[in-house]
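> Here's a structure for you.
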Amino acid sequence: MTLAVASLCGALLVASATSAAADLGDTARFLAGKGAAADSKLAEAARAESYAEYAEQIGSGWKQFQQPNLERMRAWWTGRAPAKYSTVFYPFSGPDIGNALALFPDADSYLMFGLESPGAIPDLQAMEAEAISSGLNDLEASLSTILQVNYFFTKAMEKKLGNRSFNSISGLLLFFLAMSDCEVTGARRIAIARGGALVPGTAADDSTSGRFRARVPGVEITFRRNRGKEQTIRYFMVNVADASLAKSSPDFIPYLERQRRFVTMIKSASYLMHKEGIQEPAHFEQIRSLILSHSDFVVQDDSGVPLRFFARDTWKLQFHGRYEAPTPEFGKHLQRDLKVEMQRNSTGKIPFSYGYAYKQGESNLMTAERAP
């Protein structure tokens, strides 16, 4: 290959990558109801009456609850976040990058997982108008709960999400990034392979079921805020119950261990790490132990790691908000020790919704900072 040809090939690759990043950025803004530039491939779709209705409904829903809630969260959190952090670990997160960005806006990477497939990276430019309109309806349905109560109903979300349309986890991540005024710069399939190695992913990774899956499927999305540094989200589809890890995803914990130190946030985690004893066979001891051993800072509601696992000689604990008992669905996971701490040592009500007790003034938070 001559130097001139090599230079031309390199220029074409750069141009292709730039175009792909621009298309992703357009897609994210379009999904967020923010329209499309006049020269965008989505400009015509953005002029459709159905899109105008979608944008109005999404914008209204966002401004009514989610936007003011996140703004109150950011304001209250100022001065309470750890001084330094690089990786944010958000277990049982689903696609909820919005709350992670509110608490930890400056992370280099966000590590998330859930039971849902990452799905296809949306390619709206290749879709017909009818498919786009149908997909927007599905996306709006997937967002219905978090826009009202700031958490996803996992079982309902599994029914509403799709692998091929843009109401996938990947599509929802793009939506939340655009709503958080982030510029999406890239996206690709990834997977966790043997020994915990991160490798390029394929569509086949998430097409096989449970016990026969050889790799942990995921998606990686890069973005910038205010033209700052490039940041990375990695979301994985994995069941972290101890038995499921052993049978189908033995490489996930080794991958997490490779990340070394991180800060952990937990919200609306279904009290999974509370389960113990023969009455609750689906134990989550491995993920709970990893959080406690690899985290330098933890922020969580009462659905996270039970208070009794935080050794007082290891952790500096602070309590915020109000806690009497879990919501009725999770009533058996009452923590009497946490109730005492909240009654005696809470800094007062928190002015935002976080977790299942989403009504104003009802939420709780505990922060745990590892002692030096």
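> Once label points are set 7 Å from the Cα along Cα→Cβ at both residue 343 and residue 317, what is their separation, rounded to one decimal in nm?
Going by the 7 Å Cα→Cβ label model, 1.5 nm.
> State, as an integer percentage, the relative contact order of the chain based on alpha-carbon contacts under 8 Å between residues 6 or more apart.
15 percent
> If you count only protein heavy atoms with a 1.4 Å probe, what accessible area per residue comes out for the chain, rounded to a whole Å²?
Working: 17420 Å² over 372 residues.
Heavy-atom SASA per residue in the chain reads 47 Å².
> On the protein heavy atoms, probe 1.4 angstrom, tell me the percent of accessible surface of the chain carried by carbon and sulfur.
51 percent
> For residue 186, what residues show an amide H to amide H distance below 5 Å, using hydrogens built from the backbone and excluding near sequence neighbours?
It is 222, by chain and number.
> Another question, then. Would you pull out the residues with amide H under 5 Å of residue 144's amide H, same chain only if 5 or more places away, H placed 1.01 Å from N?
Under 5 Å from the amide H of residue 144: no residue qualifies.
> In degrees from 0 to 90, rounded to the nearest 10, what is the angle of the helix 3-31 Cα long axis to the longest principal axis of the chain?
Roughly 60 degrees between the two axes.
> Between residue 204 and residue 226, what is the spin-label point distance in nm, taking each point 7 Å from the Cα along the Cα→C-beta axis?
4.6 nm
> OK, next. Where does the charge balance sit around residue 200 when Lys and Arg score +1, Asp and Glu -1, over other residues with C-beta under 12 Å from its C-beta?
The answer is +1.
> Go ahead and estimate [θ] at 222 nm for the chain from helices alone: -39,500 (n - 2.57) per DSSP H run with n ≥ 4, summed, over the residue count, rounded to 500. Each step should come with its number before you reach the end.
Working: 13 runs with 134 residues, N = 372.
Computed ellipticity for the chain at 222 nm equals -10500 deg cm²/dmol.
> Follow-up question, since we're still on this one. So what's the chain giving for Rg/Rh, alpha carbon basis, Kirkwood Rh from the mean inverse pair distance?
Looking at the chain, the ratio lands at 0.98.
> Hey, what do the phi angles of segment 347-363 turn into as Karplus ³J(HN,Hα) couplings, whole Hz, using 6.51/-1.76/1.60 and θ = phi - 60°, x for Gly and Pro?
Karplus-based 3J(HN,Hα) across segment 347-363 equals 6, x, 4, 9, x, 8, 8, 8, x, 6, 7, 8, 5, 3, x, 9, 6 Hz.
> Continuing with the same structure: Once fully extended, how much extra length lies between residue 21 and residue 270, figured as 0.36 nm per residue of separation less the alpha-carbon to alpha-carbon distance?
Net length gain for the segment: 86.1 nm.
> Keeping all protein chains in the complex and leaving out DNA, RNA and ligands, what accessible area do you get for residue 49 with a 1.4 Å probe, in Å² to the nearest 10?
Around 140 Å² of this residue is reachable by solvent.
> Roughly how far apart, in whole Å, are the Cα centres of segment 284-311 and segment 316-331?
Value for the Cα centre distance between the two parts: 15 Å.
> Please identify which residues in segment 100-144 have an amide N closer than 17 Å to a label point set 7 Å out from the Cα of residue 296, following the Cα→Cβ vector.
Backbone N within reach: 104-111.
> Helix 49-61 against the longest principal axis of the chain: what's the angle in degrees, Cα atoms only, rounded to the nearest 10?
Tilt relative to the chain: about 20 degrees.
> Still on this structure: I need the phi-derived Karplus couplings for segment 316-332: 6.51 cos²θ - 1.76 cosθ + 1.60, θ = phi - 60°, integer Hz, Gly and Pro marked x.
Using θ = phi - 60°, the values come out as 8, 9, 9, 10, 9, x, 10, 8, 10, 6, x, 4, x, 4, 10, x, 6 Hz.
> In square angstrom, rounded to the nearest 10, how much accessible surface does residue 63 have for a 1.4 Å probe?
140 Å²
> Moving on. Holding the Cα-Cα limit at 22 Å, pick out from 275/316; 41/229; 267/339; 84/229; 275/332; 247/267 the pairs that are longer than that. Could you put the intermediate results ahead of the total?
Numbers: 275/316 24 Å; 41/229 27 Å; 267/339 18 Å; 84/229 16 Å; 275/332 10 Å; 247/267 27 Å.
In this structure, 275/316; 41/229; 247/267 lie more than 22 Å apart at Cα.
The values are calculated or read from the model by the stated rules, or taken from the named source; none is laboratory data. In this text the structure is predicted, and so the values were computed from the model without any measurement. All Cβ positions, even for glycine, are placed from backbone atoms using ideal geometry, and neighbour counts span all protein chains on display. Keep in mind that these areas ignore ligands, DNA and RNA; they rest on the heavy atoms of the full protein, side chains included. Shrake-Rupley method; radii C 1.70, N 1.55, O 1.52, S 1.80 Å.
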